[in-house]
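Data first, discussion second: the structure below is written as structure tokens.
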């Protein structure tokens, strides 16, 4: 398969995926309208926001594939790197606080909801930490655009 064919396949896949994300947004809205418990509504809202963000990320992938305007170089990160490093410290602290919270909940009864939500927060903060670590790889020039 040629590079052009692979790119066309990627764009087609992203557009199909975007359609599913749109359906996910509609479905979560429906569930939020039906649900009485605030935890269920909160989970649906989180999923809905994530689906909206996924749609945006997929569009950037499409745009980068079709237009190649999203090229990034290590130099693009240099000007903001001090601020990013400060944010990395914040993310590390939030991970520590989430873990401390889970530790405090361990072995306690009637904390299923708190454990569930704190685990979600920890997972999300760890995701942010990984994303920032990957930006550092770009800054070092280890990720090369093709």
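Points worth noting:
- Taking the longest Cα principal axis of the chain as reference, the axis of helix 3-34 is set at about 20 degrees.
- Relative compactness, region 1-70, computed as alpha-carbon Rg over 2.2 N^0.38 Å: 1.42
- Pairwise centroid distance, computed over Cα atoms, of region 25-72 with region 102-134, Å: 21 Å
- Acute angle (nearest 10 degrees) that the helix 112-139 long axis makes with the longest principal axis of the chain, alpha-carbon atoms: 20 degrees
- The angle between the Cα long axis of helix 38-67 and the longest principal axis of the Cα atoms of the chain comes to about 10 degrees, rounded to the nearest 10.
- The Rg/Rh ratio for region 73-146 is 1.17, where Rg is the radius of gyration of the alpha carbons and Rh is the Kirkwood radius.
- Estimated from the Cβ-Cβ distance and a Förster radius of 30 angstrom, the FRET efficiency linking residue 109 and residue 37 is about 0.90.
- Cubic angstrom per residue, convex hull over Cα atoms of region 47-105: 112 Å³
- Based on C-alpha pairs under 8 angstrom that are at least 6 apart in sequence, the chain has a relative contact order of 23 percent.
- Rh by Kirkwood over Cα pairs, then Stokes-Einstein D for the chain at 0.692 mPa s and 37 °C, µm²/s: 179 µm²/s
Values in this text are rule-based calculations from the coordinates and carry no lab data. All figures in this text were calculated on a predicted structure; none of them were measured in a lab. Please note: Cβ atoms are built from the backbone with ideal geometry, for glycine as well, and neighbour counts cover all protein chains shown.
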